[in-house]
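Data first, discussion second: the structure below is written as structure tokens.
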Amino acid sequence: MASEAKAISLKQLVQNEDLLTGGHRACAGCTGANILRQIMLVAGKNTVVAGATGCMEVITTIFPYTAWKTSFIHSAFENAAATISGAETAYRALKKSGELPAAAAQAERMNFIAYGGDGGTYDIGLQSLSGALERGHNMLYVCYDNEAYMNTGIQRSSATPFGAHTSTAPAGKVKQGKPQDRKDLTRIMVAHNIPYVAQTTPFHWKDLATKVEKALSCDGPAFINVLMPCTVGWGFPMELGMQIAKDAVETNFWPLFEVEYGKYTINKKPKERQPSAPWLKQQARFRHLFKPGNEKLLEHCQEHVDRQWEALLTQEAATA
């Protein structure tokens, strides 16, 4: 049961081995590498990782090098969930037949984790992910959501927010960034009726660590959506990544919540909710929204955040 997992202390985490080595090729200020490190500190060595093509795969596994100290399988953009579900199935089959290698057979727990960006999760890999969750594999899928196809040129994805400037939804004379609101993938995952679904950020390390432990303790599939501020694609100074992640929660743009067997829990309710505009203004991708004549676009951004937050409050109350 996911709810049986206990919160992890910083003292515990720092004693664990760092399973993602330094010297990888992440951009300066990348929050994605931090996300991977935090998750693997919780998961430990008895973990099989599948990584979809994307930023985190490219920075950690350019041949002939690897930053991973665990098993790592590079999958195509669209099938990381299928890959890790196959590895999990093979493990169960070998365990049942008594053919597991000695080290694996002695492990108290074997974890199966797939990583994908929003391009490989919200879009290209959604079919593969949905199938793996429906089949009920004992696996964790982590989406590191930087809200665009950053690795291939900052093209818009269905995770890209309304109004954001990207190379394929540029702000110019005809349009002012992406004209659609972003897809609510986390709630789509909830609709699969799996044991555990959650949202978090790399800034909220204890929240992230606790949710990973809960997800790995599940009997069945789990999904965690982690906001990944991107200094290159979002356009903010490289030292501000964690602050941007923190403020995304304080504005309710990215609420911290979890859904355990259908029960919603909001993990943080800002005491004084901050408006969206100052947070947006820190990012170059939204710079055009602050030009005269675009006031309605800014209002739309705030109204969307407010609607989503109210819907989340309603869902928490309804499942209490």
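The values are calculated or read from the model by the stated rules, or taken from the named source; none is laboratory data. Quantities reported herein were computed from a predicted structural model and do not represent experimental measurements. Heads up, the Cβs are rebuilt from the backbone with ideal geometry, glycines too, and the neighbour counts pull from every protein chain shown.
At a glance:
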read-out	value
Filtered residue count, segment 61-81, keeping only those that are surrounded by fewer than 18 Cβ atoms within 10 Å (Cβ to Cβ) and either touching an Asp or Glu at 6+ places or on another chain (Cβ under 8 Å) or among the small types (Gly, Ala, Ser) (or both)	4
Restricting segment 21-41 to residues that are β-branched (Val, Ile, Thr) and surrounded by 21 or more Cβ atoms within 10 Å (Cβ to Cβ), the residue that is nearest to residue 140 (Cα to Cα)	39
Candidate set from segment 42-52 (those that are touching a residue at least 40 places away in the same chain (Cβ under 8 Å) and either among the hydrophobic types (A, V, I, L, M, F, W, C) or surrounded by fewer than 23 Cβ atoms within 10 Å (Cβ to Cβ) (or both)); member that is farthest from residue 240 (Cα to Cα)	46
Residue in segment 234-252 that is crowded, with 21+ Cβ neighbours inside 10 Å, in contact with a helix residue (DSSP H, G or I) (Cβ under 8 Å, 6 or more places away or on another chain) and at positive phi present	yes
Some residue of segment 59-72 being assigned to a helix (DSSP H, G or I) and under 19 Å from residue 141 (Cβ atoms)	yes
Exclusive hit being closer than 16 Å to residue 245 by Cα, surrounded by 11 or more Cβ atoms within 10 Å (Cβ to Cβ) and touching an Asp or Glu at 6+ places or on another chain (Cβ under 6 Å), set 275, 270	270
Qualifying position, being among the aliphatic types (A, V, I, L, M), closer than 30 Å to residue 92 by Cβ and free of Cβ contacts under 8 Å to residues at least 24 places away in the same chain, among 191, 209	191
Qualifying positions in segment 144-180 - assigned to a strand (DSSP E or B) and either free of Cβ contacts under 8 Å to residues at least 60 places away in the same chain or within 23 Å of residue 201 (Cα to Cα) (or both)	144, 145, 149, 155
Matching residues, segment 217-233, being crowded, with 24+ Cβ neighbours inside 10 Å and of a type in the set (A, V, I, L, M, F, W, C)	222, 223, 224, 226, 227, 228, 230
Scope segment 168-187; condition of a type outside the set (Gly, Ala, Ser) and out of contact with any helix residue (DSSP H, G or I) (no Cβ under 8 Å at 6 or more places or on another chain); matching residues	168, 170, 173, 174, 175, 178, 179, 180, 182, 186, 187
Residue that is nearest to the chain's Cα centre (by Cα), among those in segment 170-207 that are of a type in the set (Gly, Ala, Ser) and either surrounded by fewer than 20 Cβ atoms within 10 Å (Cβ to Cβ) or at pLDDT below 95 (or both)	191
Cross-chain or 6+ apart pairs with Cβ under 6 Å, segment 304-320 first and under 16 Å from residue 183 (Cβ atoms), then in a helix (DSSP H, G or I) and modelled with pLDDT of 95 or more	305/276
Filter result (in contact with a Phe, Trp or Tyr (Cβ under 8 Å, 6 or more places away or on another chain), over 24 Å from residue 73 (Cβ atoms) and outside any loop (DSSP other than H, G, I, E, B)) within segment 181-195	186
Subset tally (residues that are assigned to a helix (DSSP H, G or I), touching a Phe, Trp or Tyr at 6+ places or on another chain (Cβ under 9 Å) and at pLDDT below 95) for segment 92-135	1
Test: residue in segment 141-158 that is farther than 20 Å from residue 38 by Cα, surrounded by fewer than 19 Cβ atoms within 10 Å (Cβ to Cβ) and touching a Lys or Arg at 6+ places or on another chain (Cβ under 6 Å)	yes
Qualifying positions in segment 200-231 - closer than 15 Å to residue 139 by Cβ and aliphatic (A, V, I, L, M)	212, 215, 216, 222, 224
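This table checks each residue for (1) under 23 Å from residue 318 (Cα atoms); (2) of a type outside the set (Phe, Trp, Tyr).
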position	(1), (2)
209	no, yes
225	yes, yes
230	no, yes
240	no, yes
257	yes, no
